[in-house]
């Protein structure tokens, strides 16, 4: 009888803890989504305002790109985010992990001519309590070209 009571109490305790965890996950996910969307908006504002050093700090890269290289490329790029309501629309955030999300948005870009819209996905990671966007996503969206240096040509044939 004691064993049955002990097993029953254990089962009730586990079910209470598990159901509480299941109820907390959507709340945490919603907070992460809202926080990531705010961070995404802040990054676009830094970019729109031409705050290149601050923008560099809010990006991450797998490579070894220098601050000077990034600032040179982004500052001369043909496009940048538009202002106000045209900047980002139709934003959806997908939580991959607590510190990793994918933001899909329609971004308004100004530069040459009228505002152009592009819809695409962006990877964001949370590092040191701050949401950061992939540096390659920023450069690609800006239309920043890579440096064009000397290229080795194929072998020439003697005729």
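The values are calculated or read from the model by the stated rules, or taken from the named source; none is laboratory data. Here the structure is a predicted model, which is why all the values come from computation and not from measurement. So basically every Cβ, Gly included, is an ideal-geometry build from the backbone, and we count neighbours across all protein chains shown.
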Tally, over the range 94-124, of residues that are within 24 Å of residue 76 (Cβ to Cβ) and outside any strand (DSSP E or B): 1
Count of the range 78-122 residues which are on the phi > 0 side of the Ramachandran plot and in contact with a strand residue (DSSP E or B) (Cβ under 8 Å, 6 or more places away or on another chain): 2
Residue check for residue 63: out of contact with any helix residue (DSSP H, G or I) (no Cβ under 7 Å at 6 or more places or on another chain), exposed (fewer than 13 other Cβ atoms within 10 Å of the Cβ) and either at pLDDT below 95 or part of a strand (DSSP E or B) (or both): yes
Residue among 71, 32 that alone is assigned to a helix (DSSP H, G or I), touching a residue at least 12 places away in the same chain (Cβ under 8 Å) and out of contact with any strand residue (DSSP E or B) (no Cβ under 7 Å at 6 or more places or on another chain): 71
Qualifying residue in the range 130-140 (condition: assigned to a loop (DSSP other than H, G, I, E, B) and either touching a helix residue (DSSP H, G or I) at 6+ places or on another chain (Cβ under 6 Å) or surrounded by fewer than 17 Cβ atoms within 10 Å (Cβ to Cβ) (or both)): no
Residue in the range 16-37 that is modelled with pLDDT of 70 or more, surrounded by 13 or more Cβ atoms within 10 Å (Cβ to Cβ) and in contact with a helix residue (DSSP H, G or I) (Cβ under 6 Å, 6 or more places away or on another chain) present: no
Odd one out for residue 51, checked against (1) modelled with pLDDT of 90 or more; (2) surrounded by 14 or more Cβ atoms within 10 Å (Cβ to Cβ); (3) within 19 Å of residue 132 (Cα to Cα): (2)
Residue pairs meeting the criteria (Cβ under 8 Å; at least 6 apart or on separate chains; first under 16 Å from residue 126 (Cα atoms), in the range 38-49; second part of a helix (DSSP H, G or I)): 43/55; 43/138
Any chance residue 92 is loosely packed, with under 14 Cβ neighbours inside 10 Å and either closer than 17 Å to residue 37 by Cα or in contact (Cβ under 8 Å) with a residue 12 or more places away in the chain (or both): yes
